[in-house]
Amino acid sequence: MILEWLDSRLHIISVLWLFPILFMFHDFEEILTVEKWIKHNKEQVLAVLPKSARKYFYSSFQMTTVQFAEDVFWIFLAITIATVLAVIFSFYYIFLMFLVIFFAHVFTHIGQALYLKRYTPGVITSIILVLPYSSYTYYRLLKEQVISGADILWSSIGAIIILPILLLLLVNERNKATNKNCGGW
């Protein structure tokens, strides 16, 4: 009943354009809370991380709100470009790769909050915005036969391949910036 109501009121193009908008709502929660949260929770998080991972994630615990917002800007730009490609050129693979990551990201937030037994930046909007939006978007794209299950599979494989590379580049750039600002570790 709710799906029918949404289907009748939201054009598929609007569903696609909601992606960059909801991404920013989700990331506003993170931008507004991450620096303060890190200051208050850094020691507890470091204590539960394996020793080998601490050095790798060191820069994430030194991040300011501005640095985090810069990272968010580049992701937002990429998501917006992927949305333009989907809307204007009906090229959905990059959009779907980002949607896979957005959907899976919900579970990292939930997992972090459960593991640490506390609020983590982004968990609220993940549950109330990201999970319903990404689920509905998959449903709509499949229902309207804009994409197929195979498209989801291939974009998921692409996301699984590209995400570790992008995260490695991001963390390496953060570590370089942190080393430059701190004179090394």
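The values are calculated or read from the model by the stated rules, or taken from the named source; none is laboratory data. Since the structure is predicted, the reported quantities are computational estimates derived from the model, not experimental observations. FYI the Cβ positions are ideal-geometry reconstructions off the backbone, even for glycines, and counts take in every protein chain you see.
Here are a few things to note about the model shown:
- Any hit, the stretch 65-77, residues being modelled with pLDDT of 95 or more, under 30 Å from residue 146 (Cα atoms) and within 18 Å of the chain's Cα centre (by Cα): yes
- Inside the stretch 11-23, residues that are over 11 Å from residue 137 (Cα atoms) and either among the acidic types (Asp, Glu) or in contact (Cβ under 8 Å) with a residue 12 or more places away in the chain (or both) make up a count of 3.
- On the stretch given as the stretch 33-78, residues that are in a helix (DSSP H, G or I), under 16 Å from residue 174 (Cβ atoms) and of a type in the set (S, T, N, Q) total 4.
- Checking each residue in the stretch 119-163 for being exposed (fewer than 15 other Cβ atoms within 10 Å of the Cβ), among the hydroxyl-bearing types (Ser, Thr, Tyr) and either in contact (Cβ under 8 Å) with a residue 40 or more places away in the chain or farther than 26 Å from residue 93 by Cβ (or both) picks out 119, 139.
- Among residues of the stretch 95-118, those that are more than 12 Å from the chain's Cα centre (by Cα) and in contact (Cβ under 8 Å) with a residue 40 or more places away in the chain, counted: 5
- Of the residues making up the stretch 84-91, not a single one is crowded, with 16+ Cβ neighbours inside 10 Å, in contact with a helix residue (DSSP H, G or I) (Cβ under 8 Å, 6 or more places away or on another chain) and not in a helix (DSSP H, G or I).
- Options 135, 156, 126: the member that is of a type in the set (Ser, Thr, Tyr), over 16 Å from residue 19 (Cα atoms) and either at pLDDT 95 or above or in contact with a strand residue (DSSP E or B) (Cβ under 6 Å, 6 or more places away or on another chain) (or both): 156
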